[in-house]
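For reference, the structure discussed in these notes is given below.
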Amino acid sequence: MISPSHVALAWDTDQPTFRHHRYPEYKANRDAPPADLEPQFDLAVRACDALGLKSFRIPGYEADDIMATLARRAVAAEVPCLLVTPDKDVQQLVRAGVSVLEPKSRDIYGPAEVQRRFGVPPERLRDLLALAGDASDNIPGVRGVGPKSAQALVAELGGIEDIYARLGAVETLPIRGAKSLAKKLAEQAEAARLSHELVGLDDAVPLGDGTSSLADLRIRAPLPEADAFFDSLGFHGPLRTMRALGGS
């Protein structure tokens, strides 16, 4: 059972991020959320506030960037960090002291698990995702380079710039269609580098909390008004859980 001492919530905002400014088509393929779901976003934030949890919503950045920033701070403070998210992009943050919990499967990914899943270490996952693209985020990648080819390229040659510095070696690799792969990479170098930029996470988000410590993230008791709030919702499970972790 996981018993954290510190908890923080990272939220997206409805404002464009630096990625949208760089590439207007970023996530443009996504449908708007159902009308009955939208009010629940604010309700979720209010619930977390009532539980005494620290939340971060920073205009211009995504929740993933906030998680990257908090993970960097945790590593600097030598505090083990567990990132809870289904987003595979966040697994590029995995390192000693930082792991990812996939909430649906409950699988925990450390460096070895990321290597097994993707065929590359966490620090090269960004390169793999940039080459293969990501349909869910509308990241172009390099057309004609799928996940298996991207994995082989990164495993054999290294990161994006390493691959472009050694394009002549691509056709010698034991990859299906290797002879045409170098041409595709050369023709789509701009898309590859753009995708690399979009996939990367910013770990220097200005959190606006005026501190570089993690003290504000320590679990505390829920707010006095939490009982009335959860009474209005008709369920108390989260409240009981937080009181078990942080006292009454």
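For this structure, a couple of remarks:
- Highest-MSF residue in the chain out of 216, 14, 49 [GNM, Cα springs under 10 Å]: 14
- Protein heavy-atom accessible surface, 1.4 Å probe, per residue over the stretch 55-124: 48 Å².
- Hydrodynamic radius of the stretch 1-54 by the Kirkwood approach over all distinct alpha-carbon pairs: 14.0 Å.
- Two-decimal ratio, the chain, of alpha-carbon radius of gyration to 2.2 N^0.38 Å: 1.16
- Value at 222 nm in deg cm²/dmol, rounded to 500, when DSSP H runs of n ≥ 4 in the chain each add -39,500 (n - 2.57): -12500 deg cm²/dmol
- Within the stretch 18-100, all pairs of alpha-carbon atoms sorted by distance into 5 Å bins from zero give the percentages 3, 11, 16, 20, 22, 16, 9, 3, 0.
- Among beta bridges that DSSP assigns inside the chain, antiparallel share in %, nearest 5: 40 percent
- Accessible solvent surface per residue of the stretch 131-248, calculated while the other protein chains remain in place, 1.4 angstrom probe, Å²: 54 Å²
- Helix runs (DSSP H) in the chain reaching 27 Å along axis by Cα, Kyte-Doolittle at least -0.5: none
- Here the chain has 52 percent of its accessible surface on carbon and sulfur atoms, given a 1.4 Å probe and all protein chains in place.
- Relative contact order (%) - criterion: Cα under 8 Å, at least six apart; region: the stretch 90-229: 18 percent
The values are calculated or read from the model by the stated rules, or taken from the named source; none is laboratory data. Bear in mind that the values here come from a model prediction, so they are computed numbers and not experimental data. Side chains included, ligands, DNA and RNA excluded: accessible areas come from the protein's heavy atoms. Shrake-Rupley method; radii C 1.70, N 1.55, O 1.52, S 1.80 Å.
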